[in-house]
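Beneath this line is the structure, given in structure tokens, with notes to follow.
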Amino acid sequence: MDDPEDGYFGERIAAKYDEESAERFQPSVLEPTVDFLAELAAGGRALELAVGTGRVALPLSQRGVDVHGIDLSKAMVARLRAKPDGDAIGVTIGDYATTTVEGTFSVAYLVFNTISNLTTQEQQVACFRNVAEHLEPGGCFVIEVGVPELRRVPPGEHTRLFEVSPTQWAYDVYDFATQQMSSNFVQLVDGRGHFHSIPFRYVWPAELDLMAQLAGLRLRERWEDWTREPFTGDSRNHVSVWEKPAGTEADPVQRA
Ligand SMILES: C[S@@+](CC[C@H](N)C(=O)[O-])C[C@H]1O[C@@H](n2cnc3c(N)ncnc32)[C@H](O)[C@@H]1O
């Protein structure tokens with residue numbers, strides 16, 4: 001039974017999460033991700049916003065990085081805890097936009113499009129401010145997220161079908177005025193149809209840079225992926241790194 005406090009990642013989703021995200025657990029995906037984050041941690045602590053079942057946190061911790069996670073869903077975190085070395089990751093249950101944890105971090109990261117689970121601009125800005133409070137001077141915030149797929153929505157339409165299979169139809173619905181969208185899934189299970197819908201707020205790279213600026217961070221790097229392929233106008237994803245200026249530099253927010 002799903003606990004409403006777990007949000008959109010309750011028991012039913014948590015039970016199938018690793019299996020359904022199997023592609024994201026492949027070494028070809030995880031190794032460059034962990035290399036990238038371990039390099040930024042540089043011997044310091046890492047904070048994962050939306051740690052989930054520990055897909056990234058566990059291999060990063062096994063690399064010797066001290067990782068702490070935040071997540072809303074007790075069901076997802078129970079899966080993390082049940083894994084070998086799952087107890088090596090400290091976890092705080094709460095909303096990553098506002099939840100605070102003890103200490104400071106060399107790197108904070110939010111992967112797999114999860115910034116878009118915050119469905120208002122205010123919440124996304126709050127997330128940047130919260131991260132900035134947790135970073136050491138010189139520390140970095142890393143986001144991995146897709147570039148909004150508006151070029152793939154048919155002209156004049158607001159819906160894009162992205163999967164058609166014998167057991168699932170899936171489509172995104174966009175509201176271009178508000179940057180709200182939803183991903184919708186119709187699944188056939190034992191001959192019966194099931195529908196579920198997840199709301200998101202899509203956000204542009206430049207808008208994320210502005211949110212970073214509001215939080216006193218500045219863009220350090222932007223790549224298409226974890227292997228540092230160049231980010232271009234045709235990139236469908238980006239891995240962006242914002243840095244908290246070292247203590248001696250003026251705070252851009254105060255200067256403005
Ligand atoms: C797509 S999963 C990603 C999990 C993990 N980071 C990974 O890459 O496999 C999204 C996670 O974000 C969590 N989540 C969504 N919105 C959240 C919020 N506002 N605060 C904390 N966790 C949130 C969900 O509970 C879920 O565990």
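The values are calculated or read from the model by the stated rules, or taken from the named source; none is laboratory data. Please read these numbers as outputs of a predicted model, since none were measured by experiment. Here the Cβ positions follow ideal geometry from the backbone for every residue, glycine too, while neighbour counts run over all protein chains shown.
State all residues of the stretch 199-244 that are in contact (Cβ under 8 Å) with a residue 60 or more places away in the chain, assigned to a loop (DSSP other than H, G, I, E, B) and surrounded by 15 or more Cβ atoms within 10 Å (Cβ to Cβ); if no residue qualifies, say none.
Of everything in the stretch 199-244, those that are in contact (Cβ under 8 Å) with a residue 60 or more places away in the chain, assigned to a loop (DSSP other than H, G, I, E, B) and surrounded by 15 or more Cβ atoms within 10 Å (Cβ to Cβ) turn out to be Y202, V203, A215, G216, L217, D225, W226, S235, K244.
Within the stretch 8-34, can you find the residues that are in contact with a helix residue (DSSP H, G or I) (Cβ under 8 Å, 6 or more places away or on another chain) and assigned to a loop (DSSP other than H, G, I, E, B)?
The answer is Y8, F9, G10.
Restricting to the stretch 69-91, and then to whatever is touching a residue at least 12 places away in the same chain (Cβ under 8 Å) and basic (K, R), can you tell me which residue is farthest from D2 (Cα to Cα)?
K83
Please find, within the stretch 61-99, the residue that is surrounded by the fewest Cβ atoms within 10 Å (Cβ to Cβ) out of those that are under 17 Å from the mean Cα position of the chain (by Cα) and more than 11 Å from the ligand (Cβ to nearest atom).
H68
Can you run down the residue pairs with Cβ atoms below 8 Å, 6 or more apart or on separate chains, where the first is in the stretch 1-13 and touching a residue at least 60 places away in the same chain (Cβ under 8 Å) and the partner is more than 9 Å from the ligand (Cβ to nearest atom) and among the β-branched types (V, I, T)?
That search, which allows pairs on different chains as well, returns Y8/I198.
Among the residues of the stretch 5-33, count how many are more than 12 Å from the ligand (Cβ to nearest atom) and either surrounded by 15 or more Cβ atoms within 10 Å (Cβ to Cβ) or not assigned by TED's automatic domain parsing to the domain that holds T99 (or both).
1
Which members of the stretch 158-181 meet the condition of being in a strand (DSSP E or B) and loosely packed, with under 15 Cβ neighbours inside 10 Å?
Kept after step one, since they are in a strand (DSSP E or B), are these residues of the stretch 158-181: 159-164, 168-175, 180-181.
Within the stretch 158-181, T159, L161, F162, E163, V164, Q168, D175 meet the criteria.
Only one of (1) touching a strand residue (DSSP E or B) at 6+ places or on another chain (Cβ under 8 Å); (2) assigned to a loop (DSSP other than H, G, I, E, B); (3) closer than 24 Å to T120 by Cα is not met by H196, so which one is it?
With (1) touching a strand residue (DSSP E or B) at 6+ places or on another chain (Cβ under 8 Å); (2) assigned to a loop (DSSP other than H, G, I, E, B); (3) closer than 24 Å to T120 by Cα applied to H196, the lone miss is (2).
May I ask you to list the residues in the stretch 119-147 that are under 15 Å from S106 (Cα atoms) and among the acidic types (D, E)?
The answer is E133, E136.
Among the numbered criteria (1) surrounded by fewer than 18 Cβ atoms within 10 Å (Cβ to Cβ); (2) under 21 Å from R12 (Cα atoms); (3) more than 13 Å from the chain's Cα centre (by Cα), which one does N113 miss?
(3)
Does A126 qualify as being small (G, A, S), out of contact with any strand residue (DSSP E or B) (no Cβ under 8 Å at 6 or more places or on another chain) and more than 9 Å from the ligand (Cβ to nearest atom)? Talk me through it step by step, then tell me what you get.
Working: small (G, A, S): yes; out of contact with any strand residue (DSSP E or B) (no Cβ under 8 Å at 6 or more places or on another chain): yes; more than 9 Å from the ligand (Cβ to nearest atom): yes.
Yes: the conditions hold for A126.
Could we say that T53 is within 12 Å of the ligand (Cβ to nearest atom), within 24 Å of R222 (Cα to Cα) and not small (G, A, S) here?
Details: within 12 Å of the ligand (Cβ to nearest atom): yes; within 24 Å of R222 (Cα to Cα): no; not small (G, A, S): yes.
No; evaluated as a whole, the condition is false for this residue.
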